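Undergrad: I have a structure I would like to understand better, so I am pasting it below and will then ask my questions one at a time.
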Amino acid sequence: LELTEGVVERLWAYIGDILHSKKLQSLLKNGKTIDLQTSLVKIINERVAESSLSGSQKNICAVLSCCQAILSIPALAVIYTAKQELLVALLSQLCWSVTHLALGQYLSIQQQQVNPRRVFGDVTGHLLQPCLVLRHLLSGGTWMQAGQVQVPPVLSREIRSQLEELLGQQQRNTKIGTPKSLLTPLDTVVTRLLDAGHCEPHLHATVVANSVAVLYRLFIDSYLKEGNQFLCFQALPRLFGCLRISHLQEEQGKTWATLDWTAELLVVEQLLSSVASSNIYNVAADRVRHGEAQFHFYRSLAELLINHLQVPVPAWFRCLKILISLNHLILKPDLDDLLSSAWIDAEVTEVRTKKAQEVLIYTLFQTHAKLRQVPRLFQELLGVICRPAAEALRQPVLASGPSAALCACLLELLPGQILDMWSLVLDKFQSLILPCLKSDVDMALKSLSLSSLLHCIMFNMPSLDSSTPLPVVQQTQCMMERVLGELVKPLLALLLDTPSPESELWLQKVSDAALLLSHTWAQVDAMLHLNCCQYRSVAGTLMGNVLELSSFPSLLPGVEPQLWKKVEKLTAQSSSLGRYCLEQLHLQRMRRTLMQTSSQAEQVLQTLKRDAAYILDSGRSSLSLRTTASWDGQVGRVSAPMYPVAHWHLLVSNLPILIPYLCLEDIKYLASILLRTLPTSKAQETSADEELYVTLQRVSMAVLRSPLFPEIQALHSAFLMCVAAHCSSILCSSSQSGPGPLRQQVPWLFEKDHTLVAHWESRFAKVGPENVEPRGEIAQNFLSLVKSDFPIQLEDEQLGDLLGLLNIISTLHLNSLLPHHHLHYFLLLLTMAVSTQGHSCPPRALQFLMTCYRLLSCLQRGRSARCVFRVMYVSDIFEIVLTSLLRASGGLCVEVDDPSWLEFLQGVGSFLEQLMAMLIQSRLSLVLNFGKITAFLSRCKLHTEAAFSKQLGNQSPLGRQLLLVCLTKLCQVLGPLVKDRRQPQEAPAALPELLQQAMLQMAAGLQLCSVQGTPHHHRPAVLLSPVTTLLEVDLSQHPGGVGIAQGTDRAVPSNASLYQGVYSQVLSELPALARDTRSFQAALQFLALFFSASTLHPPEGPVFVSMLQAMRTVLADPDIPALAAQDIEPHLGALLTRILEAGTMEDFGLVVQSILQGLDVRHVALCVLSTHSSLSSTPGPRVSCCPYVLH
């Protein structure tokens, strides 16, 4: 019985009146026994729970009134006390519902209160402290963490909102009197807040910290609208004084945990954010009107933060960032300490903290950029770097966060400011570093820090161009000359002039600094020379006749070749930044040589080859370490763990330059490294958190996915050969016989060069007419292997390794391979596919087979697909594939309706269909190939009674499905070919006969599958599709049987009993098939085709009525899930459209009548209207149905 909300509420009120009535009270006093039904109590509990979960207050007051009456009367409360679970269920929801109701009622009363002082007194005297504690606990405090109470999220949010509204009301109700008097109520609130008597001591500090920011936000909401900015500020010190952090001077000697610092600093951040977002601080007004009261407060807060470093806490960085945004002068006196504690000497490791540090540094640079004071900031930064300190303990100056902030700032600076920063670094180097650098490890470390800083400035400054003013170009050119003459050359000379063996660390750091600056100078000089015609490079031009012929030619102007020999020896001792920069110098010389000389003289070629060989050999040993390190892409950050990644990135980024000058062995080495560093599974690929970093795997995957990779033919060919060799080695290691017999049976596994495989085209190609001399050796080898015990037996571990390699192969552009690559990979993949036959296939066998045939299909869609048919017939490939799969199907542990198996059948069918389609397209001996395919399928004897009684008992259900799929694809290909009149001369007589044989085999196979199937097992899509295909081909052979007509002289298609049996079964199973979209779609396709064949219609009733009734049953079935119903609606509409198009006016009228009688219009009406539209647009008598529809 459905009742309105008003009726339900009156019924609850009626029950409440009875429970509270005096008559009931008197009856109970007189000893009358009154029993309540348990169902009433359960309904009360359910209503309370529903209200708690949904937040709705409908009828809840009346329900709680009834509940209160029952609990207050002992004689009635026994129903709760007798069943403890009812009382527990009530208590778990009741307290929060009552709190919610009470707060709602009090808020409504408070809003109507005419005496604001009374409201303020009630709230501060009685409700403030409990409300703050409750808000804290609901916000995820002690109760929520301990899991002692479960509050519905909706109710929790509403109660917190009511609490904040209550606190805000008491703030607004004190807006009387002068601004000075308005702070008196706030002092009362602060006093009550600091009173620790209302909760346990360990909870008090947390409640205060959680409440201060809320109270300040409510205070701002109440008073800021009137423009009282200074009044809002005056509340800030009072509330800030409630925090423990404000009394640090009194708690000297006490150590705080990081968790306590985080809680306090988060509150400070919220307070400062409220100030910033509300524009409470106006610098000029504060200085003129209020004697810089705000400035002094923020200044003391900044001193507090600087004196108590909390680098692990992200909120510490964010508080400093807000203070800088308010006024840069707040932190100006502590600028050097800020740079030291928040940047140079900070040990930041956690990701969130790094982000907060980056934002702080970015704000620092942006603020000084707006004031045009970046050089002054840079001077402070250099002073901090050059301070006496344990440099070895410092983090790199330019980590990813600070580097990103500096780079972003440099793009916005004027050229003059950048040149000033440049000059400051040079001056510091000359005055502090170079004089003391010799034999001083600490100074060597500082020199590397300054070199990284100068590298960042030079690399990320805006480039000069032809429109740059000449004075700026001249200053830049002067700075470049200073860097080379006053910095780079002295550092390199220091390495050469060191007589005694120095510390290894000193040598490494000085060489790193010298080579980093050398690389930087060379790159920037080349860039300026290319972009700015007014710039005159010191290096001049590097013509072919100037090229050095020594082993170590000069890489920088004015630096002798002898120096590079020592530098080479130093960098060869360790994988460091210096070695990477030396590789960059050689690469830069290759670029300049290629750009500035067009001759291919022997001297030029030898120099280019030496440079390319040096770059490759420099990191050869490091790439064998299999490192998992990541690199942020900054040159200055290259270290020993990151060097292999940086070296590999350098090689890969410059492959078009390096490959032409590398020998074949070096290219094969590159291919082997590329294969070894690729992830072989999705689990090994880089996570989203590491996308900003460079790793070996990411670099290699970028090469593999690049559309330019096939264009680098030498490396691409070497990589293909390397992958094939790895696959072959795994296959050969699984051989049950020795390598000798295997080499004779599958020689392509032992070929080390694709070009040798290409010679098989002429070796195995046919001689004479195509229908006389068959291709033999490769096909016979395959057939003999798959029909007997295959010599290669793959175990689960080997399948896993091959799947990893197949995953790599799938990334390659297989459709664009050259013919010799294509042929080699086709034979390799086919060998892998047929090597999984046997009686005990591992669990990964199906996945492995599916991948092999998917790649074979992809391969045969390529431009070189026809090269395969020069060594093998299509019929031979067909027989090899199906023979191996029939043997393998007996060992696969999978059900016939398993989705992975059905997907595999679809993949195999697509591959075979593709082969036969290419056969027709190329006109490659159609009768010969199709005849061999049909004869092979007939030998399977699936269609004979003998097969059913003898062989079929030994065949697996999977094998029978395989044969049906193959016959289906054969009929789908042969049917249109036979119907097509443009056939080869030998085809008209032979091909129809072959099609009839295939149809007979297919019909027999379907009959046997129907007999073998259980009567209660639904027909899957893999069986429905063959029936549909068979009927479609059958109707194409008897065109007179298609359509609806009154006559009966039409030819009846063969296998009519089969079609009619499937029709009856599909109609009865249609609701069950609707749960599987693929099977349902196949069933509807069969029904549409069956409806078009009028000669197949059974005499017992109209087919249209039966189909319409089946559709109504499907639409009315409540067991079909909503998602499945959405999936099948388009297919039902398509079927209805097709049968209406082929039907009569009576059929159309029946559909309209069904809709009027209650058929689900949502699913069908749109189909009917669209069908009517299509019918109305076609000429003929059916146009007259328009008035019927309108009626």
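The values are calculated or read from the model by the stated rules, or taken from the named source; none is laboratory data. Values in this document were obtained by computation on a predicted structure and should not be read as measured data. Please note: Cβ atoms are built from the backbone with ideal geometry, for glycine as well, and neighbour counts cover all protein chains shown.
Undergrad: Which numbered condition in (1) free of Cβ contacts under 8 Å to residues at least 60 places away in the same chain; (2) of a type in the set (A, V, I, L, M); (3) out of contact with any helix residue (DSSP H, G or I) (no Cβ under 6 Å at 6 or more places or on another chain) is the only one that residue 470 fails?
TA: (1)
Undergrad: Please specify each residue of the stretch 777-807 satisfying the condition of being aliphatic (A, V, I, L, M) and in a helix (DSSP H, G or I).
TA: Here is the first cut: in the stretch 777-807, the residues aliphatic (A, V, I, L, M) are 778-779, 783, 785-786, 792, 794, 799, 802-803, 805-806.
Hits for the stretch 777-807 are 778, 779, 783, 785, 786, 799, 802, 803, 805, 806.
Undergrad: Can I ask one more? Given the structure, is residue 397 crowded, with 22+ Cβ neighbours inside 10 Å and either touching a His at 6+ places or on another chain (Cβ under 7 Å) or among the aromatic types (Phe, Trp, Tyr) (or both)?
TA: Values: crowded, with 22+ Cβ neighbours inside 10 Å: yes; either touching a His at 6+ places or on another chain (Cβ under 7 Å) or among the aromatic types (Phe, Trp, Tyr) (or both): no.
No: the conditions fail for residue 397.
Undergrad: Let me confirm something: among 31, 6, which residue is more than 52 Å from the chain's Cα centre (by Cα), among the small types (Gly, Ala, Ser) and either in a helix (DSSP H, G or I) or in the same structural domain as residue 63 (by TED's automatic domain parsing) (or both)? Give the steps one after another, and end with the answer.
TA: On the way: 6 fails: more than 52 Å from the chain's Cα centre (by Cα).
31 is the lone residue from the list that is more than 52 Å from the chain's Cα centre (by Cα), among the small types (Gly, Ala, Ser) and either in a helix (DSSP H, G or I) or in the same structural domain as residue 63 (by TED's automatic domain parsing) (or both).
Undergrad: Another question, if that's okay. Give, as residue ranges, the helices (runs of 4 or more DSSP H) completely inside the stretch 221-333 that count at least 1 residues that are within 46 Å of the chain's Cα centre (by Cα).
TA: Fully inside the stretch 221-333 and qualifying: 229-240, 258-278, 293-307, 314-326.
Undergrad: Could you look through the stretch 567-586, keep only residues that are out of contact with any helix residue (DSSP H, G or I) (no Cβ under 6 Å at 6 or more places or on another chain) and charged (D, E, K, R), and pick out the one that is surrounded by the fewest Cβ atoms within 10 Å (Cβ to Cβ)?
TA: So the residue we want is 569.
Undergrad: When the stretch 347-392 is examined, which residues are found to be buried (at least 20 other Cβ atoms within 10 Å of the Cβ) and not in a helix (DSSP H, G or I)?
TA: Correct list: 348 only.
Undergrad: Does residue 874 satisfy the criteria of being within 26 Å of residue 723 (Cβ to Cβ), more than 36 Å from the chain's Cα centre (by Cα) and surrounded by 20 or more Cβ atoms within 10 Å (Cβ to Cβ)?
TA: Values: within 26 Å of residue 723 (Cβ to Cβ): no; more than 36 Å from the chain's Cα centre (by Cα): yes; surrounded by 20 or more Cβ atoms within 10 Å (Cβ to Cβ): yes.
Judged against the criteria, residue 874 is not a match.
Undergrad: So residue 686 ticks every box in (1) polar (S, T, N, Q); (2) modelled with pLDDT under 90; (3) farther than 14 Å from residue 628 by Cα but one. Which box is left unticked?
TA: The single condition residue 686 does not satisfy is (3).
Undergrad: Looking only at the stretch 808-828, decide whether some residue is under 17 Å from residue 970 (Cα atoms), in contact with a Phe, Trp or Tyr (Cβ under 8 Å, 6 or more places away or on another chain) and among the β-branched types (Val, Ile, Thr).
TA: Looking for residues that are under 17 Å from residue 970 (Cα atoms), in contact with a Phe, Trp or Tyr (Cβ under 8 Å, 6 or more places away or on another chain) and among the β-branched types (Val, Ile, Thr), one finds none in the stretch 808-828, hence no.
Undergrad: Continuing with the same structure: Going through the stretch 578-602 one residue at a time, which ones are at pLDDT below 90 and either under 12 Å from residue 516 (Cα atoms) or not in a helix (DSSP H, G or I) (or both)?
TA: 597, 598, 599, 600, 601
Undergrad: Looking at 903, 879 in this structure, which one is charged (D, E, K, R) and closer than 25 Å to residue 800 by Cα? Walk me through how you get there before you give the answer.
TA: On the way: 879 fails: closer than 25 Å to residue 800 by Cα.
That would be 903, the only listed residue that is charged (D, E, K, R) and closer than 25 Å to residue 800 by Cα.
Undergrad: Based on what the data block shows, is residue 1100 among the charged types (D, E, K, R), under 29 Å from residue 1005 (Cα atoms) and modelled with pLDDT under 80?
TA: yes
Undergrad: I would also like to ask the following. Looking at this structure, is residue 496 among the aliphatic types (A, V, I, L, M) and surrounded by 18 or more Cβ atoms within 10 Å (Cβ to Cβ)?
TA: No; evaluated as a whole, the condition is false for this residue.
Undergrad: May I pose another question? How many of the residues making up the stretch 182-229 are touching a Pro at 6+ places or on another chain (Cβ under 8 Å) and either crowded, with 16+ Cβ neighbours inside 10 Å or not assigned by TED's automatic domain parsing to the domain that holds residue 134 (or both)?
TA: Residues in the stretch 182-229 being touching a Pro at 6+ places or on another chain (Cβ under 8 Å) and either crowded, with 16+ Cβ neighbours inside 10 Å or not assigned by TED's automatic domain parsing to the domain that holds residue 134 (or both): 1 in total.
Undergrad: Continuing with this model, one more query. Given 810, 762, which one is at pLDDT below 85, over 16 Å from residue 731 (Cβ atoms) and part of a helix (DSSP H, G or I)? Outline the logic, then answer.
TA: Numbers: 810 fails: at pLDDT below 85.
Within the list 810, 762, the selection yields 762.
Undergrad: Also: With respect to residue 949, determine if the residue is at pLDDT 60 or above and among the small types (Gly, Ala, Ser). Steps first, please.
TA: Working: at pLDDT 60 or above: no; among the small types (Gly, Ala, Ser): yes.
Criteria not met by residue 949.
Undergrad: Could you tell me whether any residue of the stretch 1074-1093 is in contact with a Cys (Cβ under 8 Å, 6 or more places away or on another chain) and either within 28 Å of residue 1149 (Cα to Cα) or at pLDDT 80 or above (or both)?
TA: Checked the stretch 1074-1093: no residue is in contact with a Cys (Cβ under 8 Å, 6 or more places away or on another chain) and either within 28 Å of residue 1149 (Cα to Cα) or at pLDDT 80 or above (or both).
Undergrad: Considering only residues of the stretch 853-871 that are in contact (Cβ under 8 Å) with a residue 60 or more places away in the chain and in a helix (DSSP H, G or I), which is surrounded by the fewest Cβ atoms within 10 Å (Cβ to Cβ)?
TA: My answer is 870.
Undergrad: Could you check residue 41 against (1) surrounded by fewer than 21 Cβ atoms within 10 Å (Cβ to Cβ); (2) within 54 Å of the chain's Cα centre (by Cα); (3) in a helix (DSSP H, G or I); (4) modelled with pLDDT under 80 and say which number it fails?
TA: With (1) surrounded by fewer than 21 Cβ atoms within 10 Å (Cβ to Cβ); (2) within 54 Å of the chain's Cα centre (by Cα); (3) in a helix (DSSP H, G or I); (4) modelled with pLDDT under 80 applied to residue 41, the lone miss is (1).
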